[in-house]
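Okay, structure first, notes after.
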Amino acid sequence: MLRKEGISFDFFDLQVKKKRILVYFFLKHKVIHLHTSSVYLRFLLSLACFFFFKKLIVTFHGNLGRYGGVKDILDKLTLYLAALPIVLNHASYDIAYAINKKVKMISAFIPPQKVESLDFATIDKISNLKQQRRLFCTNAFNVSFDRDGNETYRISDLVRVFGKYQDMALIISDPSGNYKLYLKSLNIEIPQNVLFLAFPHDFNAVIHEADCFIRFTSTDGDSLSVKEALSTGKQVIASNVVDRPKGVILVSDLNDLENKLTSFHINHSSPIFEDTGSRDLLNLYKQLNTL
């Protein structure tokens, strides 16, 4: 998209732990758009940009104010120092606007241009899993906990629920492989109707195989996975902890989720979700000189 519009840019993957390269990219560019879940990195980079007179655009992918204590203080300082903070929902916007009037609310969702196919062995496992079952899917980037010590992705709860119902099945995308190990450490047995994909893969390919996507998180931001599922016409069941797009089936607690799952009917005429932040981001990049 940016290349088509003639906007020059460089991309640095923060997962690649090469500090020298990061410093090089930082010094090279006058404008930096940061996407990271690390509160500390957000703050340190905002501080560096402030002292080096660089413009920082920072997208907060989670709900502001969800941590408490030091982390929330650092997020507020980042909001203050950033040239332009971007948030993903109304609750976060209200918090951010009180600190930095330049804040914008822009969806982080950009439809995938290409979906990487799953390998044949995985497709075969999914086919065996279906077998007259309603097939659900969910994902967890890694094991994480909210400010109250609860599992953010609540995978343990999902595994226990699906273990009680053999007429439905669940695929859990666990690219780090850590969640499967975590459940093992808790002596939680994985039932036959639950399939872990504990290796790197394209979750969009999993969504295409399933009938419904589950986002039963204890806290959330503007979940890209929810919008990825909706954009393919799939139904979505999600916890009612943040603003959710129109059409999402909301659940309030574990009992509510179990009721929604057991009464779920496949709807083949789900509306396609078209919300995208592409246009807003493009306009923003074109107006960088006005920041």
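Would you mind checking the pairs 54/246; 71/101; 125/184; 28/101 and listing those with alpha carbons more than 31 angstrom apart? Cα-Cα > 31 Å for 54/246; rest within.
Database remark: amide H of residue 170 closer than 5 angstrom to the amide H of 136, 194, 195 (H placed geometrically; neighbours at sequence offset of 5 or more, or on other chains; Pro and chain starts carry no H). Among the listed pairs 55/104; 55/286; 104/286, none has a Cα-Cα separation exceeding 19 Å. Computed with every protein chain present, the accessible area of residue 5 is close to 90 Å² [probe 1.4 Å].
So what is the calculated 222 nm ellipticity per residue for the chain, using -39500 (n - 2.57) for each DSSP H run with n of 4 or more, over all residues, to the nearest 500 deg cm²/dmol? Walk me through the numbers on the way to the answer.
Numbers: 11 runs with 104 residues, N = 291.
Using -39500 (n - 2.57) per qualifying helix, the result is -10500 deg cm²/dmol.
Over all directions, the projected convex hull of the C-alpha atoms in region 39-150 averages 10.6 nm² in area. With each label modelled as a point 7 angstrom along the Cα→C-beta vector, the residue 41-residue 278 pair spans 2.6 nm. The H on the amide N of residue 109, modeled in the peptide plane, is under 5 Å from the matching H of 277, each at least 5 residues off or on a different chain. The phi torsions of region 63-74, fed into the Karplus equation with coefficients 6.51, -1.76 and 1.60 and a -60° offset, translate into couplings of 5, 5, x, 7, 8, x, x, 4, 4, 5, 5, 5 Hz, rounded to whole numbers, with Gly and Pro shown as x. The protection proxy used here, the mean number of other Cβ atoms lying within 10 Å of each residue, ranks peptides 80-86, 116-122, 199-205 as follows, highest first: 80-86, 199-205, 116-122. Amide H contacts of residue 236 (H built 1.01 Å from N, in plane; Pro and chain starts excluded): 213, 249 sit under 5 Å, all sequence-distant by 5 or more or on other chains.
Other residues whose C-beta falls under 9 angstrom from the C-beta of residue 60 contribute a net charge of 0, scoring Lys and Arg +1 and Asp and Glu -1.
Give the whole-number value, in cubic angstrom per residue, of the convex hull volume spanned by the C-alpha atoms of region 1-98. Don't skip to the answer; put the middle values down first.
Values: hull volume 11.5 nm³, N = 98.
With only Cα atoms used, region 1-98 gives 118 Å³ per residue.
Comparing 188, 229, 172 along the charge dipole axis of region 159-232, the residue lying farthest to the positive side is 188, per the Cβ-charge model.
Within 10 Å, count the other beta carbons around each residue, average over each peptide in 255-266, 128-139, and list them highest first. Please list the in-between numbers first.
Details: 255-266: 13.8, 128-139: 16.9.
Highest mean packing first, the order is 128-139, 255-266.
Between residue 20 and residue 5, full extension at 0.36 nm per residue minus the direct alpha carbon distance yields a gain of 2.4 nm. DSSP beta bridges fully contained in the chain are about 5 percent antiparallel.
The values are calculated or read from the model by the stated rules, or taken from the named source; none is laboratory data. Just so we're clear, the structure is a prediction, and the values are computed from it rather than from any experiment. We place every Cβ from the backbone using ideal geometry, glycine too, and count neighbours over all the protein chains shown. Quick note on the areas: whole protein, heavy atoms, side chains included, nothing else; ligands and nucleic acids left out. Shrake-Rupley method; radii C 1.70, N 1.55, O 1.52, S 1.80 Å.
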